[in-house]
Structure formats: structure tokens, C-alpha cells
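K.L.:
Sharing a structure, written as C-alpha cells. Questions coming.
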Amino acid sequence: MDWLHTEEGMVFRTYGIEGVTYTKEGGNYVFTEQMSSPLKSEGKTLTNYGFVVFGRQHPNMNEYYYSYLAELEKTFLNREGYYYFNSPVMTYTDEESSELADITTSLNQTAQQYYAQFIMGYLDPENDKDWDSYIQTMKKLGLDRFCEIRTQVYERCNKK
């Protein structure tokens, strides 16, 4: 996981294998002709080559393919009073990862069910009874433990 956040790892995760899925043109990484890209929807994707697409995307992706996003980012990050949150790196033990995986699966499934009911109008998030039911259900599934583990990991990994 640490390697995925290095320059080499981000290039590999974002673009794949040089000469196969991308070429380097100057300072830019450019998907080869057979690949789909943000500029071309047809073609193969990295998953066609067995890549699991998770991890940190290489910053060049926005600079090259989404220049308007890079410009927007520069504009907002330099604006006085703009709050920008950079996600911290969190390193979990095997035990923490295992416990979180179980809890997260249950929480996500239940949250999606409640969201659908809220959206469809079967439940009203502004109704205290409906909202409390949602929160209590999430707590029964381990929401408090989820928060506890994440807080402990954050504090351990981000000591100053």
C-alpha cells in the first residue's frame, strides 16, 4: 500500500504499464490508442489488464486530462479562508482491517437501504422517529466501534 503512494506506484495505478497501456510524452502520461481515457470512452480499461483500480491517482491525470479541474483546484486552494482537507494516511493492523471490513459491509448495506427509503419518501430524515431509527440501527451494527477504530488509527498514524 505504501508503494501505491510513491511516484512509481501512482503512475502504475493510474496509467498501467509503459508501452502497453500508456506512453510518456514530455512530462505527460498518455493512454495508448487501444485504451479508453477521459478523452475517449471507447477502448480497453486497466481492468482489462488485471489491474485493481484503487489507491492514489497520479496528479498528472487531472493536469493532462482534466486541466479545468487542476485550474479549479489552484483557484480554490489559494483563496483566503478556503478550507481544504487532505486525507491522512491511515495504516491498519490486520485485526483492525478485518474488524472494519465486517462492520463497514453491514453499515454500507444498511445505509443504502435507508437512503433509498428516505429518497422514495417511505421514511423522512426530518422526522425524529425515522432518523433515530436509522441511527440506532447503525449503532447496533457497530457504528460506534467503527468510529473508535478509525479514531485510534488516525491518532496512532498522525502523531505530531
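K.L.:
Within the chain, what whole-number % of the accessible surface is contributed by carbon and sulfur, with the 1.4 Å probe and all protein chains included in the calculation?
P.N.:
The value for the chain is 51 percent carbon and sulfur by accessible area.
K.L.:
A further question on this structure: Let's test the formula: R0 of 30 Å, r as the Cβ-Cβ distance of T110 and E155. What FRET efficiency results, to the nearest 0.05?
P.N.:
0.65
K.L.:
Cross-link candidates for K74: which aspartates and glutamates have Cα within less than 16 Å, leaving aside residues fewer than 8 places away along the same chain?
P.N.:
Of all the aspartates and glutamates, those that pass the test against K74 - Cα under 16 Å, at least 8 places apart if same chain - are E63.
K.L.:
Separation between the E95 and T75 pseudo-spin-labels, each 7 Å from Cα along Cα→Cβ, expressed in nm?
P.N.:
Distance between the two pseudo-spin positions: 5.0 nm.
K.L.:
Something else now. Please give the per residue accessible area of segment 77-154, computed with a probe of 1.4 Å over protein heavy atoms only, in Å². Working shown, then result.
P.N.:
On the way: 6030 Å² over 78 residues.
It amounts to 77 Å² per residue over segment 77-154.
K.L.:
Give the lysines whose C-alpha is closer than 19 Å to that of K139, dropping any in the same chain fewer than 8 places away, or say none.
P.N.:
By straight Cα distance, K139 reaches K129.
K.L.:
For q = 0.11, 0.14, 0.15, 0.21 Å⁻¹, what log10 I(q)/I(0) does segment 1-146 give under the Debye formula with an equal point scatterer on each alpha carbon and no solvent?
P.N.:
Summing over Cα pairs of segment 1-146 leads to -0.72, -0.98, -1.02, -1.14.
The values are calculated or read from the model by the stated rules, or taken from the named source; none is laboratory data. This one's a predicted model, so the numbers in the text were calculated from it and none came from an experiment. Neighbour counts are summed over all protein chains in view; Cβ atoms, including those assigned to glycine, are modelled from backbone coordinates with ideal geometry. The accessibility values were calculated without ligands, DNA or RNA, using every heavy atom of the protein model including side chains. Shrake-Rupley method; radii C 1.70, N 1.55, O 1.52, S 1.80 Å.
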